[in-house]
Each structure stands twice: as C-alpha cells, then as structure tokens.
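The structure that follows is given in the form of structure tokens.
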Amino acid sequence: MAKRSKSKNLLKDDATYKASNSSEQDDADSDLEARETSPSMDNDAGDKEAKTDKKLTSKRRKVDISCTSSEHSRALEVVVSNEDLLTEILFLVPVKPLLNFKCVSKHWQSLITDSKFASNHSRRNPSSSLISGIYFYHKPSELNSVSLHGHLSLPTLAFLDPVRKGSESRVVDSCNGLMLFSNGRGVDYIVCNPTTQKHIALPEPGRSTTYRYVGGEFGAYLAFDPLKSPYYKVLLIAHCSSDKERSAYYRIHIYSSKSASWKEIHAKAPDGGSYYRRVFWNGAIHWMNHDNVHIRFDVDTENLTGTVMPKVPNILAEEKTRFFGECGGSLLLIQTREYIFLRFRILEMEKDCCRWIVKYRVNMMPIYSVYHQGYSREFNVLCCANGSNGKDLVLVLATAGKVMAYNLNLKSVKVLLDLQCGSYQSYYNSYLCTYRFIESLTPV
C-alpha cells in the first residue's frame, strides 16, 4: 500500500511538473508567436515600464509634498509662536492686507492696532509714505477723489455722517494718513483715519477762540510725523493785530493727542502779511509773507522764526504761485511768470531752510496740444506725488474738465478722471483745496 501511495504521489508530481513545463512552454510559444506577429511588443513593454516609473515618481512626489507641507506647518507654528519674528514679517506687509489680518485672532488684532506698531510699520514699509490719491472740492460742497498708482478707489468718508453737522462740514487738512474735518463753526473739529474708518471729535479749544475763514488769514492744520511719534497735533493759526502792541502777531491754539487738551500761545509775526498757503514739513508749519520772508513754526519747540530768502533765485509774488506743499520728504514751490500756466519752474527748499533751489523747468505745451479741447490753456496743480517706484515726480493736474497725472521723468500723461464740465474757468479756484490720502494704520 505504501509503494502504491508513493507511486501515485510520484506520478502526481510528475504530472504537475509536466503541466507546469507545458504551461511555461505554451507561454513561451505564445510570447514567441506574439513577437513574430507583433513587432511593436517591445515598445509596449517599454511604455508599461515608463508608466510604472511615472506612478512611482508620482508617489514619491506625494510623499515629498506631504513632507514639505509638514515642514511648512512646523515653520508656521514657529513664526506664530515667536512674536518678534511675526512682527518683523508683518512690518513688510502693505496696509490693506494687514487690516484683513486683524481677523486672524485677537492677538493679531491687538498687535496690528497698537500705535507703536503703526509707527514702526511706517518706518519699515517703503510703500507706506506713497500718496495713494487725493480728495478735492470740485464745487464748494462737492468732495471728489482720484486715486493714483493703480488703486481702484479711495475710501468713502460716509463713516463720518453720524458726527457731521450740516453742509458746512468739510475737510480742512490732511497729513500722513490722517484728515481734519471742521463742522463749520470754527470750534468743532474731527480727526479721522479714512483707512481704518476711525475718528475722534476734539474738545472745543475755548470760549476766547472764534475763528473764521476770512481773507485766508486763518488756517487749521494737522501736524503728524509717524516716523518720529505716534501722536499728532492740531494747530489753529490766526494772523491778528493789536492796538496795544501796535504790531501783528499770530494767535495759535495747539491740540495734542498725547495730552488730549488745548493750549494757546501768541507769537510775534514778521512784517509783510502772510501767504494763506501753509504746509507741515520737517516738523514745522511753513509759509511765506509778501516780503519774501520764509516763516516756520516749530511744532515741538513752539518757536516761530522768519528768514529772509536770498535774491537768487527770485521768489515771485503769491499770485504767481501754483503749488506750495510737501512731496516725498521735500518742500516744493511751483511758480510761473506767465498768465497762462504752460511754462513754470519747480523749486525745492534745502533742508536747512536757508534757500530755494531750482529742481525742474517744465514746458506744458506738448500736453496742451493734446488736451486743450479748444477752450482752456490753463493747468492747475492739485498735488505733487512720487511715482509708483518712489522716485519719479508726478504732477496731478486739472485742465479742461479732466484730472491727469504727468510724470516729469518719463514725460508721460495719464487721464485719471473726467469731470465732464462745460467750463473750466468756472471751477478753477475751487481746486486750490486738495487733500492727500496715504494709507495708514495710525489710531486716532
């Protein structure tokens, strides 16, 4: 029985072996037949191998991506947990994205809305000093705006509607991202930040102060330099005369956001009357009088000085002045001898405030030949601004119902706004009041 069983197993193994060999032989024959009948089989095999390699590579990439994602998560955790590192990164982010970042967490909101962070952001972010656009009064009560450098539009000032009092409420000054509103009575002022949509109503300066806009003798001014301090000041300056003193003097009320209070001082005025154009620059309010005396009131020391300008270059009378203001850290003066504003010079004040230097001589005839529209040879300078690169000088001009940007370095013109007006002369003088908009995180 054992022999029979053993024989059966041997026969079974032999049969299995033969079947296996027969199967292998059949496969080999089939492969040979396939090669003979289909010469491209080798290529198909190569394609299969390539596809297999591709799948393996894809899997490896997925593993790599997973590892990279994990590394990014760890890096993000390190940044978020390190406040100093996070702050350094946020300093480089433009203002608009930062406002959205406040929604990330209460910690981020507290960090971004801090006044010290806002001041440091102004220092560290080059784009924070660029003028994004201007607001201007096209008609006595019609506030318009125009944007620069590709900004779609400027913020509306509708957030002030609940605190504005009647049609006499209007913008009276702007400075480095903040704007000053008057409610028309001369003692009711509002400081706001259009970017953050925040505002504060200032207390009244006192019963002895009753200011009116008369003959350009009065001005309300913002003094704010975020590179030096997170605090701002509001100055009310009036040119007065005294029978007792038999001389002219300036009565100046100063509001400090640091102390949240007003103070009043008097300063003797140089002879000759004064320009109504005043501007905050380099820590002081600057203007000139009709005797070519450059006057400046230092906001911190509260000291008023007057310096007679050298005769070269000759500074023309006030009616020859088309612009007096700050641009890119420089104090600029634009004057022309012509009745028609086509050729003019741009002067820049030296840092020591001792003299003006001629920076540009400009001929607007090529621009006039394109945009004159047959009835206006007059241009009004609304604003001087730096180009998007932070270097070129751009004049924002109004002429023939249009607002345009003229790049003096590139000699290029871009129409920014079409006001669709029938007569340029009818609204020419209203353009003298323009207010710059700079994106800012500064709290008020």
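The values are calculated or read from the model by the stated rules, or taken from the named source; none is laboratory data. Note that the structure is a prediction, hence the values are computed from the model and not measured. Counting neighbours? That spans all protein chains shown, and the Cβs are built from the backbone with ideal geometry, glycine included. Note: accessible area is taken over every heavy atom of the protein model, side chains too, but ligands, DNA and RNA are not part of it. Shrake-Rupley method; radii C 1.70, N 1.55, O 1.52, S 1.80 Å.
Is there a residue being open to solvent by 60 Å² or more (accessible area, probe 1.4 Å), touching a residue at least 60 places away in the same chain (Cβ under 8 Å) and farther than 14 Å from L397 by Cα anywhere in the stretch 301-322?
Step one: filter the stretch 301-322 for residues open to solvent by 60 Å² or more (accessible area, probe 1.4 Å), giving 301, 303, 308, 311-312, 314, 319-320.
Keeping just the survivors that are touching a residue at least 60 places away in the same chain (Cβ under 8 Å) gives none.
Scanning the stretch 301-322 turns up no residue that is open to solvent by 60 Å² or more (accessible area, probe 1.4 Å), touching a residue at least 60 places away in the same chain (Cβ under 8 Å) and farther than 14 Å from L397 by Cα.
With the checklist (1) open to solvent by less than 20 Å² (accessible area, probe 1.4 Å); (2) in a loop (DSSP other than H, G, I, E, B) in hand, flag the one item L333 doesn't pass.
(2)
So, one more: Only one of these conditions is not met by R345: (1) at pLDDT 90 or above; (2) closer than 20 Å to L417 by Cα; (3) among the basic types (K, R). Which number is it?
(2)
Residue by residue through the stretch 219-251, note down the ones that are more than 25 Å from the chain's Cα centre (by Cα) and either modelled with pLDDT of 90 or more or among the charged types (D, E, K, R) (or both).
Here is the first cut: in the stretch 219-251, the ones more than 25 Å from the chain's Cα centre (by Cα) are 219, 236-251.
Passing the criteria: L236, D243, K244, E245, R246, R251.
On to the next question. Exactly one condition in (1) of a type in the set (S, T, Y); (2) in contact with an Asp or Glu (Cβ under 8 Å, 6 or more places away or on another chain); (3) surrounded by fewer than 16 Cβ atoms within 10 Å (Cβ to Cβ) is not met by Y221; state its number.
All conditions are met except number (3).
On to the next question. Are any residues in the stretch 88-126 assigned to a helix (DSSP H, G or I) and loosely packed, with under 13 Cβ neighbours inside 10 Å, and if so, which ones? Give the steps one after another, and end with the answer.
Our first condition is that a residue be assigned to a helix (DSSP H, G or I); within the stretch 88-126, this holds for 88-90, 95-101, 106-112, 115-124, 126.
Across the stretch 88-126, the qualifying residues are I89, K96, P97, N100, K106, H107, S110, K116, P126.
Does S388 meet the test of being part of a loop (DSSP other than H, G, I, E, B), modelled with pLDDT of 90 or more, within 30 Å of A118 (Cβ to Cβ) and among the hydroxyl-bearing types (S, T, Y)?
On the way: part of a loop (DSSP other than H, G, I, E, B): yes; modelled with pLDDT of 90 or more: no; within 30 Å of A118 (Cβ to Cβ): yes; among the hydroxyl-bearing types (S, T, Y): yes.
No.
Need the failing condition index for N380 against (1) under 30 Å from S128 (Cα atoms); (2) of a type in the set (S, T, N, Q); (3) open to solvent by 20 Å² or more (accessible area, probe 1.4 Å), just the number.
So the condition that N380 fails would be (3).
For the stretch 336-358, enumerate the residues that are in a loop (DSSP other than H, G, I, E, B), open to solvent by less than 20 Å² (accessible area, probe 1.4 Å) and under 19 Å from G283 (Cβ atoms). I'd like the intermediate steps shown before the answer.
Start the filter on the stretch 336-358 by keeping residues that are in a loop (DSSP other than H, G, I, E, B), which leaves 336-342, 350-355.
Checking the rest, the ones that are also open to solvent by less than 20 Å² (accessible area, probe 1.4 Å) come to 336, 341-342, 353.
Of everything in the stretch 336-358, just one residue is in a loop (DSSP other than H, G, I, E, B), open to solvent by less than 20 Å² (accessible area, probe 1.4 Å) and under 19 Å from G283 (Cβ atoms), namely C353.
Would you check if C327 is under 28 Å from the mean Cα position of the chain (by Cα), closer than 13 Å to N282 by Cβ, surrounded by fewer than 18 Cβ atoms within 10 Å (Cβ to Cβ) and not charged (D, E, K, R)?
Values: under 28 Å from the mean Cα position of the chain (by Cα): yes; closer than 13 Å to N282 by Cβ: yes; surrounded by fewer than 18 Cβ atoms within 10 Å (Cβ to Cβ): no; not charged (D, E, K, R): yes.
It is false that C327 is under 28 Å from the mean Cα position of the chain (by Cα), closer than 13 Å to N282 by Cβ, surrounded by fewer than 18 Cβ atoms within 10 Å (Cβ to Cβ) and not charged (D, E, K, R).
If you go through the stretch 173-189, how many residues are of a type outside the set (S, T, Y), crowded, with 21+ Cβ neighbours inside 10 Å and over 29 Å from N389 (Cβ atoms)?
Number of matching residues: 2.
Consider the stretch 131-154. How many of its residues are within 12 Å of the chain's Cα centre (by Cα) and open to solvent by less than 40 Å² (accessible area, probe 1.4 Å)?
7
With the requirement that a residue be within 11 Å of R436 (Cα to Cα) and not in a loop (DSSP other than H, G, I, E, B), what does the stretch 173-187 give you?
Let us first name the residues in the stretch 173-187 that are within 11 Å of R436 (Cα to Cα), namely 173-179.
Residues satisfying the conditions are D173, S174, C175, L178, M179.
Quick check on this structure: which one of H294, H253, H239, H266 is surrounded by 15 or more Cβ atoms within 10 Å (Cβ to Cβ), over 29 Å from V381 (Cα atoms) and either free of Cβ contacts under 8 Å to residues at least 40 places away in the same chain or touching a Ser or Thr at 6+ places or on another chain (Cβ under 8 Å) (or both)?
Criteria check complete, one pass: H253.
Pick from the stretch 201-218 the residues that are touching a strand residue (DSSP E or B) at 6+ places or on another chain (Cβ under 8 Å) and surrounded by 15 or more Cβ atoms within 10 Å (Cβ to Cβ): which of them is modelled with the highest pLDDT?
Applying the filter and picking the extreme gives L202.
Among the residues of the stretch 255-309, count how many are aliphatic (A, V, I, L, M) and either over 17 Å from C240 (Cα atoms) or modelled with pLDDT of 95 or more (or both). Break it down into steps so the answer makes sense when it comes.
Residues of the stretch 255-309 that are aliphatic (A, V, I, L, M), as a first pass: 260, 265, 267, 269, 279, 284-285, 288, 293, 295, 299, 304, 308-309.
Subset that is either over 17 Å from C240 (Cα atoms) or modelled with pLDDT of 95 or more (or both): 260, 279, 284-285, 293, 299, 308-309.
Residues meeting the conditions: 8.
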